[in-house]
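Step one of this worksheet: look at the structure below.
Every number here is computed from the coordinates shown, using simple stated rules; none is lab data. For clarity, every value in this text was computed on a predicted model and none was experimentally measured. Here the Cβ positions follow ideal geometry from the backbone for every residue, glycine too, while neighbour counts run over all protein chains shown.
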Amino acid sequence: MLKTFAYIAVAIVVVVAGILIYAATRPDTFRVQRTATIKAPPEKIFALINDLRSWSLWSPYEKKDPAMKRTFSGAASGKGAIYEWDGDKNVGKGRMEITEATPPSKILIKLDFISPFEGHNTAEFTMEPRSDGAVVTWAMYGSASLMMKVMGLFMNMDNMIGNDFAAGLANLKAATEK
């Protein structure tokens, strides 16, 4: 009986070690992005992204926890605008700050997740003008910790986050094409 337990314990250690070693070989960075064509002027799209208070009109994360606590500080919009949230397990707790706003083509956001997992990433929005509107890309990128690499072996983070980005871009399209 003790010998069987020892074999099982060794097998578990070997499997866990194998998972950790394999995960460690995964890329040290990640990038998730989605793109949509929106038939609205880039300036109109830019304005809704650049004003963090306007995110309630289009961001899918705003609807995941209607009781989420929101705090705005810093600049009213653009560089220096800050948004902090504290919500349920669907949205967690975190902070974002616009670090660059180049009208009407680019917005960079420092994105800090506090819970349920700590993470420090960058969100990037780009608006490429077209004759009938703009091609808008929503991307998030950053370092991939060992924990994130392990989670990535069992969950497709690109699909999970990417689906939210696609929904957000569809909402942004609906809000700006009116």
Any chymotrypsin sites (Phe, Trp or Tyr not before Pro) in region 76-172 that lie in a DSSP loop and have at most 13 other Cβ atoms within 10 Å would be F117
Relative to the chain, whose Cα atoms define the longest principal axis, helix 157-176 and its Cα axis are tilted in degrees, nearest 10, by 10 degrees
Candidates N121, N159, N50; GNM for the chain (alpha-carbon contacts under 10 Å) flags as most fluctuating N159
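Treat the count of other C-beta atoms within 10 Å as a stand-in for reagent exposure and order D132, D88 from fewest to most.
Working: D132 9, D88 13.
So the residues, fewest neighbours to most, are D132, D88.
Given that compact globular proteins tend to follow 2.2 N^0.38 Å, what is the ratio of the alpha-carbon Rg of region 29-176 to that value? Show your work: numbers first, answer last.
Values: Rg = 14.9 Å, N = 148, 2.2 N^0.38 = 14.7 Å.
My calculation over the Cα atoms of region 29-176 gives 1.01.
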Rounded to the nearest 10 degrees, the helix 2-24 long axis (Cα) sits at an angle to the longest Cα principal axis of the chain of 30 degrees
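Using Cα pairs closer than 8 Å and at least 6 residues apart in sequence, work out the relative contact order for the chain, in percent.
Details: 317 pairs, mean separation 51.3, N = 178.
With pairs under 8 Å counted, the relative contact order is 29 percent.
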Correct response: the longest run of the chain lacking exposed GluC sites (Glu not before Pro), defined by DSSP loop and at most 16 other Cβ within 10 Å, is 1-117
Listed residues S59, S145, S131; largest mean-square fluctuation, Gaussian network over the chain with Cα springs below 10 Å, found at S131
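Arrange the following residues from fewest to most other Cβ atoms within 10 Å of their Cβ: M140, M1, M127, M147. Each step should come with its number before you reach the end.
Values: M140 21, M1 5, M127 25, M147 12.
Ranked by crowding around the Cβ, least crowded first: M1, M147, M140, M127.
Given the DSSP H assignment, sum -39500 (n - 2.57) over each helix run of at least 4 residues in the chain and divide by its residue total; what's the result at 222 nm in deg cm²/dmol, nearest 500? Intermediate values should be presented prior to the final figure.
Values: 5 runs with 65 residues, N = 178.
When only DSSP H runs of four or more count, the value is -11500 deg cm²/dmol.
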Check: in region 29-176 the Lys pairs 8 or more apart or on separate chains whose Cα atoms fall under 16 Å apart number 12
Among G168, V150, W55, the residue whose Cα sits farthest towards the positive end of the charge dipole of the chain (+1 at Cβ of Lys and Arg, -1 at Cβ of Asp and Glu, taken about the Cα centre) is V150
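Considering only DSSP states other than H, G, I, E and B, which trypsin sites (Lys or Arg not before Pro) in region 7-51 qualify as loop sites with at most 14 other Cβ atoms within 10 Å? Show your work: numbers first, answer last.
On the way: sites: R31, R34, K39, K44; in loops: K39.
Hits after loop and neighbour filter: K39.
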